[in-house]
C-alpha cells in the first residue's frame with residue numbers, strides 16, 4: 001500500500017505531465033476521464049494547490065475553468081513554450 005504522500009505526489013505528477021503535453025486548455029472533467037480517479041472535489045483542491053504553487057495557470061472562468069502549464073512546468077518536463 002502506498003503512503004498518502006507518495007499517492008499525492010503521483011497524482012500531482014500525472015496531472016502536470018498531462019497538462020504540460022496538452023495542446024489545449026484542460027478541464028477537470030477531462031482529467032477525471034483521462035488521468036486520475038480522484039473525486040471532483042479533491043481534484044479541484046489539487047488543481048488549486050498547483051495554481052497557487054505556480055505550476056498551472058487557470059483561465060479563471062467560473063463555469064468552464066480550465067488549466068494550462070505554467071512556464072516552470074514546461075521547463076520541468078522539457079516542453080517547448
Hits in segment 55-73 - residues which are free of Cβ contacts under 8 Å to residues at least 40 places away in the same chain and either more than 16 Å from residue 13 (Cβ to Cβ) or more than 11 Å from the chain's Cα centre (by Cα) (or both):
57, 58, 59, 60, 61, 62, 63, 64, 65, 71, 72
Filter segment 28-50 down to the residues that are crowded, with 16+ Cβ neighbours inside 10 Å and touching a residue at least 12 places away in the same chain (Cβ under 8 Å) and list them by number.
28, 31, 35, 36, 38, 43, 46, 47, 50
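Residue-by-condition table, conditions (1) in contact with a strand residue (DSSP E or B) (Cβ under 8 Å, 6 or more places away or on another chain); (2) over 20 Å from residue 4 (Cα atoms):
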position: 16; (1), (2): yes, no
position: 20; (1), (2): yes, yes
position: 26; (1), (2): yes, yes
position: 35; (1), (2): no, no
position: 41; (1), (2): no, no
position: 47; (1), (2): yes, no
position: 59; (1), (2): yes, yes
position: 63; (1), (2): no, yes
position: 66; (1), (2): yes, yes
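Any read-out appearing in this document is the output of simple, stated calculations on the displayed coordinates, not a laboratory observation. Since the structure is predicted, the reported quantities are computational estimates derived from the model, not experimental observations. Because the Cβ atoms are built from the backbone with ideal geometry, glycine has one as well, and the counts that use them run over all protein chains shown.
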